[in-house]
1. Cβ-Cβ below 8 Å, separation at least six or inter-chain, first residue in segment 98-117 and without any contact (Cβ under 8 Å) to a residue 40 or more places away in the chain, second part of a loop (DSSP other than H, G, I, E, B): which pairs?
2. Among Asp179, Asp173, which is among the acidic types (Asp, Glu), over 14 Å from Arg109 (Cβ atoms) and touching a strand residue (DSSP E or B) at 6+ places or on another chain (Cβ under 6 Å)?
3. Residues in segment 10-35 that are modelled with pLDDT of 90 or more and part of a loop (DSSP other than H, G, I, E, B): how many?
4. Against the condition under 19 Å from Lys88 (Cβ atoms) and under 15 Å from the mean Cα position of the chain (by Cα), how does Ala108 come out, does it pass?
5. Looking at segment 73-100, which of the residues that are loosely packed, with under 15 Cβ neighbours inside 10 Å and of a type in the set (S, T, N, Q) is farthest from Thr165 (Cα to Cα)?
6. Exactly one condition in (1) within 15 Å of the chain's Cα centre (by Cα); (2) surrounded by fewer than 18 Cβ atoms within 10 Å (Cβ to Cβ); (3) not basic (Lys, Arg) is false for Val129; which is it?
7. Which residue is nearest to Gly187 (Cα to Cα), if the candidates are limited to segment 120-153 and must be touching a helix residue (DSSP H, G or I) at 6+ places or on another chain (Cβ under 6 Å) and among the aliphatic types (A, V, I, L, M)?
8. From the list Val136, Val166, Val202, which residue is under 23 Å from Val73 (Cα atoms) and either in contact with a strand residue (DSSP E or B) (Cβ under 7 Å, 6 or more places away or on another chain) or surrounded by 15 or more Cβ atoms within 10 Å (Cβ to Cβ) (or both)?
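The values are calculated or read from the model by the stated rules, or taken from the named source; none is laboratory data. If you're wondering where the values come from, they're calculated on a predicted model, not measured in any experiment. Counting neighbours? That spans all protein chains shown, and the Cβs are built from the backbone with ideal geometry, glycine included.
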Amino acid sequence: MNILYKIFLIFIILGLPANADIVKIFQFTEDEFKQLKVRKVKGETKWGLGSNENGNYIRAEAEGTGSGLGKEVTIDLNKTPFINITWKVEKNLSGIIENSKKGHDYAARVFVVKKTGSTALSNRAINYVFSSNNNVGETWKSPYTKKSIDYVLATTLKNDDEWITVKSNVKEDFKKLHDLDISELNGVAIMTDTDNSKLKAVAYYQNIFFSSE
């Protein structure tokens, strides 16, 4: 199978037009894994690499721990404003109050970050989450910082233990949630954490990229 045909099949699987611009964020390979920045909150999430018919993925498991993997990357939101995420939650966090400090955990989340000052504390973020207790479209400020907004893009109330692909316009989301007109992003990270609830979560991430439509 030649490379052009493989690319064509990927577009069909993801439901994108063949002429869409895309910017792939993670490759989920051994070489990339060694270079990703680790952000530890408490302990460390267990990460494992794998693959299936749709490409590489990373498996995350957290039990009373929390850490993220990220990279600094510039995304031109005028060209590719849509974030696309394929993910699955195998073991969810049903019963926690996700907008509280004691329950602010997610089996799966993807951060997008915009630098708005000279320090990390001044950055603005949207935290796209796979919620275990709330509905798609719900948003709230992080109980730890008003500069990060949680936005439910998927929920185990509807999609428990199954792969799902979601999409959102990041440029429009920053305007709606932060009242900021931005043209680019500066970083993307994934995180599975249960450091507040002390429960166990298992999730998978695959095909995280930005697209023009």
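1. Cβ pairs passing all conditions: Gly117/Asn123.
2. Asp173
3. Summing the residues that are modelled with pLDDT of 90 or more and part of a loop (DSSP other than H, G, I, E, B) in segment 10-35 gives 5.
4. The answer is yes for Ala108.
5. If we take residues in segment 73-100 being loosely packed, with under 15 Cβ neighbours inside 10 Å and of a type in the set (S, T, N, Q), then Ser100 is farthest from Thr165 (Cα to Cα).
6. Failed condition: (2).
7. Ranking the qualifying residues of segment 120-153, first place goes to Ile126.
8. It is Val166.
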